[in-house]
Amino acid sequence: RGGPSSRRAMSPRPGSPPSRLRNLGLINAAAAVAETATYPVDFVKTRVQSASTRLGPAQALLGILRTEGLPTLYRGLGAAVFRHWIYSGTRIHLYDHLRGETDKLGWGVGGKLLAGASAGGIGHLLATPADLVQA
């Protein structure tokens, strides 16, 4: 009782709806953490690119922190996380599905490349409207 075989019987089958839902939750959690960690860098990069004077990234960061405060670096984070959820969730799930289909057809590496390009393109297409919200 309570051994490895009982745990196996209770866990969802790979590819079953609970497993897919759990995976989507993990993908979205990872996407949120990644976006939160990298968002300030992207924010500063955008400021540097749009500045009328020549500022380096360090100067721009210090200027933002001095005049606007730390929370400014995260302004717009919600829209960025939302976009990342759409993109990552679509891309990873679609790639898994397409890769399985191309494997059944015996397409090899070319099939995996096609699956990856298709999944990435469709994920980007679906996530693009969230970029407009962020802008």
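With the charge dipole of the chain set up from +1 on Lys and Arg Cβ and -1 on Asp and Glu Cβ about the Cα centre, the Cα lying farthest toward the positive end among the listed residues Ser19, Gly106, Thr90 is that of Ser19.
Would you work out if segment 13-135 is rounded, prolate or oblate? Take a ≥ b ≥ c from the square roots of the eigenvalues of the alpha-carbon gyration tensor; rounded if a/c is under 1.5, else prolate when a/b is larger than b/c, oblate otherwise.
Working: a/c = 3.35, a/b = 2.21, b/c = 1.52.
Note, shape of segment 13-135 comes out prolate.
Accessible surface of segment 46-95, 1.4 Å probe: 64 percent of it comes from carbon and sulfur atoms. For segment 20-27, 3J(HN,Hα) computed residue by residue from phi via the Karplus equation (6.51, -1.76, 1.60; θ = phi - 60°) reads 5, 5, 4, 4, 4, x, 5, 4 Hz, glycine and proline entered as x.
Here the Karplus curve 6.51 cos²θ - 1.76 cosθ + 1.60, taken at θ = phi - 60°, turns the phi angles of segment 87-100 into couplings of 4, 5, x, 5, 4, 6, 5, 5, 4, 4, 5, 5, 4, x Hz, with x standing for Gly and Pro.
Residues whose amide H falls under 5 Å from that of Trp107, counting only those 5 or more places apart or on a different chain, are absent, with hydrogens built in the peptide plane. A probe of 1.4 angstrom, applied to the heavy atoms of all protein chains, finds Tyr95 with accessible area near 60 square angstrom.
What accessible area per residue, rounded to a whole number of Å², is obtained for the chain using a probe radius of 1.4 Å?
Values: 9270 Å² over 135 residues.
I get 69 Å² per residue for the chain.
Considering helices alone, the calculated mean residue ellipticity of the chain at 222 nm is -28000 deg cm²/dmol, with DSSP H runs of length four and up weighted by -39500 (n - 2.57) and normalised per residue.
Only Lys, Arg, Asp and Glu count, each charged at its Cβ (+1, +1, -1, -1), so figure out the dipole size of the chain about its Cα centre, rounded to 20 debye. Please report the intermediate quantities before stating the final value.
On the way: 16 positive and 7 negative charges, 98 e Å.
Rounded to the nearest 20 debye, it is 480 debye.
The values are calculated or read from the model by the stated rules, or taken from the named source; none is laboratory data. Keep in mind the model is a prediction, meaning the values are calculated, not measured. All Cβ positions, even for glycine, are placed from backbone atoms using ideal geometry, and neighbour counts span all protein chains on display. Remember, those area values only see protein heavy atoms, side chains included, never the ligands or the DNA or RNA. Shrake-Rupley method; radii C 1.70, N 1.55, O 1.52, S 1.80 Å.
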